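Input: a single structure, listed below in structure tokens.
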Amino acid sequence: MTQEKTNNIEIDLGQFFKSIIKGLKGLLKLLIKALLFYKKKWVLFLILLVLGAVGGYFIEKTLVLNKRHKQEIILAPKYSTIPYIYDFVKNLNIKFKDKLFLKEIDLHSSDLKYLKKVTIEPIIESKDVIDKLQIIYPGQNYFNKFMEGYENEALKSGKYKSFYKNHKLTLVFKNENKNNTKISRQLLSFISKNEYYIKELSLIQKQTKSNLEKNKKTLIFIEDYLDRLNKNPISESKDVIVLGDESKIPTIASLIDKKAFLLGTINDQEKTLELDTNLVDVIDYGNIVRDALGIHKRLIVLLPVFLCFFVSFVFLIKNSSKKLENFINN
């Protein structure tokens with residue numbers, strides 16, 4: 001009984017392997033037939049590839065796929081508004097579903113009909129990073145600190161995002177529409193009206209104005225003192241009574257350095273009061289233009305492949321129908 005079971009198993013395994021070999025032979029035979037078919041019809045398929053590529057180019061050029069438009073706006077966020085602006089843009093997809101938010105920024109859902117996405121990214125300038133590190137690490141070798149952490153990809157990450165002065169806001173639209181320009185205008189208006197940052201801006205302007213006045217008075221005092229020393233230099237033979245630490249007594253050289261420092265500080269403060277009066281400055285308000293990124297990418301490849309597949313399928317059906325007809329006749 002056991003011997004019969006063993007024989008049956010051996011027979012089943014033998015038939016199984018024969019079936020696999022037969023299937024592989026059939027697959028190989030089919031592959032060879034396909035290669036011979038394409039070799040015989042290579043001129044036809046070459047023409048199909050060329051016609052498909054050319055047709056795909058012109059079709060895609062006229063389809064909605066290529067009617068995408070975009071608007072690029074260069075912004076210069078002030079003070080600490082960069083994280084706020086990035087979070088605001090990141091969450092716009094959720095905010096646009098909120099009717100109260102749309103009402104607050106004076107937009108309607110129909111205005112967003114053709115809006116595809118809104119993105120923001122820093123305009124990478126290594127000088128901006130070095131300037132920021134100079135402020136963070138005063139009196140230190142900030143250039144080495146920058147080079148230690150320098151990686152081309154890292155500059156694009158959030159690590160240095162707040163270091164850059166200018167940022168690019170991009171709005172991508174599916175199609176052209178007269179209401180598209182309204183979206184960017186309302187978004188920028190909403191960002192500029194944030195109450196918290198307006199208070200911070202007001203405080204910084206007030207403090208800067210006060211410090212500017214004090215620095216100007218100090219500068220006048222130093223200039224007057226240096227002028228008096230120039231007209232009436234202190235004789236080395238005169239006795240001078242020193243009160244306090246002698247190392248802390250200001251010298252002419254230290255006063256000149258202080259004057260140079262104050263001049264630089266005053267220039268920066270005047271620039272802040274004159275230029276940094278808004279939460280976000282628009283450096284370049286770009287127009288909505290046609291975005292040609294969609295051309296030559298999809299249909300120029302897909303259409304030739306589809307044509308070759310379709311013609312191959314037609315030949316397969318035709319050949320199969322002939323075999324079926326012969327089988328019925330026989």
### The one condition in (1) within 21 Å of the chain's Cα centre (by Cα); (2) in a helix (DSSP H, G or I) that Gly26 fails to fulfil
(1)
### Query
In the set Ile32, Ile73, which member is under 45 Å from the mean Cα position of the chain (by Cα), of a type in the set (Val, Ile, Thr) and either modelled with pLDDT of 85 or more or not assigned by TED's automatic domain parsing to the domain that holds Lys165 (or both)?
Ile73
### Message
I want to confirm something. Restricting to the range 198-224 and keeping residues that are in contact with a helix residue (DSSP H, G or I) (Cβ under 7 Å, 6 or more places away or on another chain) and among the hydroxyl-bearing types (Ser, Thr, Tyr), which single residue is nearest to Asn287 (Cα to Cα)?
### Response
Thr208
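Of these, Asn179, Asn152, Asn175, which one is exposed (fewer than 12 other Cβ atoms within 10 Å of the Cβ) and either touching a Lys or Arg at 6+ places or on another chain (Cβ under 8 Å) or modelled with pLDDT under 85 (or both)?
Asn152
Taking only the range 251-285 into account, find how many residues are part of a strand (DSSP E or B) and either modelled with pLDDT under 85 or loosely packed, with under 12 Cβ neighbours inside 10 Å (or both).
Residues meeting the conditions: 1.
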### Lone unmet requirement of (1) over 41 Å from the mean Cα position of the chain (by Cα); (2) basic (Lys, Arg); (3) surrounded by 14 or more Cβ atoms within 10 Å (Cβ to Cβ) for Lys217
(3)
### Query
Residue check, Val172 against (1) within 45 Å of the chain's Cα centre (by Cα); (2) part of a helix (DSSP H, G or I); (3) aliphatic (A, V, I, L, M), all met but one. Which one?
(2)
### Query
For the range 91-102, which residues satisfy the criterion of being assigned to a helix (DSSP H, G or I) and either surrounded by 13 or more Cβ atoms within 10 Å (Cβ to Cβ) or not assigned by TED's automatic domain parsing to the domain that holds Glu121 (or both)?
Leu92, Lys95, Phe101, Leu102
### Task
Please determine, by comparing only the residues of the range 208-249 that are β-branched (Val, Ile, Thr) and in a loop (DSSP other than H, G, I, E, B), which one is modelled with the highest pLDDT.
Ile249
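The values are calculated or read from the model by the stated rules, or taken from the named source; none is laboratory data. Small disclaimer: the values here were computed from a predicted structure and weren't measured. Cβ atoms come from the backbone with ideal geometry, glycine included; neighbour counts cover every protein chain shown.
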